[in-house]
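Let me begin by presenting the structure, written as structure tokens, before commenting on it.
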Amino acid sequence: MKIESIAVHPLSATTAVPLSTAHETFRTSHFILVEVKTDDGLTGYGKVHGEPMKTICEWILKFGEIVKGMDALGHVEVWEKLFLLTCPRPGGLQGSGGLPPPLPRSARPQIMAAIAGIDIALWDIKGKAAGLPVYKLLGGARQSYFTYATGSYYRDNATIETYANEMASFVEKGYRAVKAKCCWAEMSEEVERIAAIREAIGKDTLFMLDMNAPYDVEECIRFAHAVAPYDIFWLEEPLHWYLQPADYVKLAAASPIYALCRLHRRPARRPFCGTVRRAHRAPPVARSARAFVRGFSIGQLRRRNHRQQGARCARARHIQERPASEGRRSSYHGRAGLRHGNRLGLRQPVPREVAV
């Protein structure tokens, strides 16, 4: 089963009224639908968000030409071929292998959105070919899962009762958890609105707050204590975008509520997972199919690379542990005594007498 063509459909609709978060105002709702067709007649669809939509669509069409003719069921090979275009490679600038030069760093958000759209569509094809839902292909057994409804976007002329009634309507429709946008107004006004929402949804409904990064650490601690009496399950994106893992540790130590952060686009991404996990043991959340497949694919790539690195480390340990009679060690290593590798106390200095 080969990939025959890839088409893209940017879709957009104007909202009835402008909707705002603490960070920005939305006047349209939009997403990009990716359509992948195979020579066997199957069609898969993937949905992604991102901006500028035109740029993402252009990347999807470019990638469609690159993966045309590849195995539609080999989504790992397709993903890796496209993802590795973001990295330098020997002969890359000369277009070796008929591939384009390394893709620009500035376009990585749009590139990853384009790759995700194709990847999701290929998973859709895989499920249709197997006659199984995708969650079963991934090893899942549950046929239902817990969901929540998000609301309370700021609107002109809306009152506290407006937001409270909106969130209560979600509970009436059967949702057992709701998430409210907040932190657009002064803290005292926000606390009053959150109290009204809690009263409207009842005490048995899980209640989360999506803050969109409005506070520094001290302000967020004050806010967390102010809303704690209303049984808040988590605070999402509580701190300014530029703050670091150490700031989340401070928040976690002083806040009575879980604090969740967005990991991508952070200046220090790698330490975030462990830091926040140590701080709060917060429950994992998959925000979108795009985020899931990106993490799934990068996880596979990292596991493979870790196996290769493990083999290289084993060879390196074998070389380091050979007796001095089996090989000469450079005079530099003798003088340095491997001091740079001993910062964590993992290696012993090399005795001068064996550094010949």
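What's the lysine pair count for the range 3-137 at a Cα cut-off below 18 Å, pairs eight or more apart or interchain?
14
Name the long-range amide H neighbours of Met70: under 5 Å, sequence gap of 5 or more, or other chain; modelled H, no Pro or chain starts.
The list, which skips near neighbours in sequence, is Ile3.
How would you rank Ser152, Ser188, Ser20, Ser255, going from fewest to most other Cβ atoms within 10 Å of each one's own Cβ? Provide the component values of the computation, followed by the final result.
On the way: Ser152 25, Ser188 9, Ser20 17, Ser255 22.
Arranged by neighbour count, lowest to highest, Ser152, Ser188, Ser20, Ser255 become Ser188, Ser20, Ser255, Ser152.
Check which residues have an amide H placed less than 5 Å from Lys179's amide H, if you skip close sequence neighbours.
Distant-sequence amide H within range of Lys179: Ala149, Thr150, Gly151, Met208.
In whole Hz, what ³J(HN,Hα) sequence does the range 223-230 give by Karplus (6.51, -1.76, 1.60; θ = phi - 60°), x for Gly and Pro?
3J(HN,Hα) across the range 223-230, in whole Hz: 5, 4, 5, 5, 9, 4, x, 9.
Given the Cα atoms of the range 173-239, and with Rh set as the inverse mean 1/r over their pairs in the Kirkwood sense, what is Rg to Rh to two decimals?
0.95
Going Cα to Cα from Lys181, which aspartates and glutamates come in below 17 Å? Please leave out same-chain ones fewer than 8 positions away.
Output for Lys181: Glu24, Asp156, Glu161, Glu166, Glu189, Glu190, Glu192, Glu199, Asp210, Asp231, Glu236, Glu237.
On a full-extension model of 0.36 nm per residue, what is the gain between Ala107 and Ala129, subtracting their alpha-carbon distance, rounded to one decimal in nm?
Extra length from Ala107 to Ala129 when fully extended: 4.6 nm.
Listed highest first by mean packing, meaning other Cβ atoms within 10 Å per residue, what order do 131-140, 174-183 come in?
174-183, 131-140
Set the Förster radius R0 to 51 Å, insert the Cβ-Cβ distance between Glu51 and Lys203 as r into 1/(1 + (r/R0)^6), and round the FRET efficiency to 0.05.
After rounding to 0.05, the efficiency reads 0.85.
Go ahead and collect, in residue order, the members of the range 60-76 whose backbone nitrogen is under 17 Å from a label point 7 Å along the Cα-Cβ direction of Arg89.
It comes to 62-71, 75-76, nothing else.
Could you tally the net charge around Lys179, taking each other residue with its Cβ under 9 Å from the Cβ of Lys179, Lys/Arg +1 and Asp/Glu -1? All intermediate terms of the calculation are to be shown ahead of the outcome.
Details: positive: Lys181; negative: Asp210, Glu236.
My count for the surroundings of Lys179 gives -1.
Values quoted throughout were computed directly from the atomic coordinates according to the rules given, and no laboratory measurement underlies them. Computed from a prediction, not measured in an experiment: that's the story for all the values here. Backbone-built Cβ (ideal geometry, glycine too); neighbour counts: all protein chains shown.
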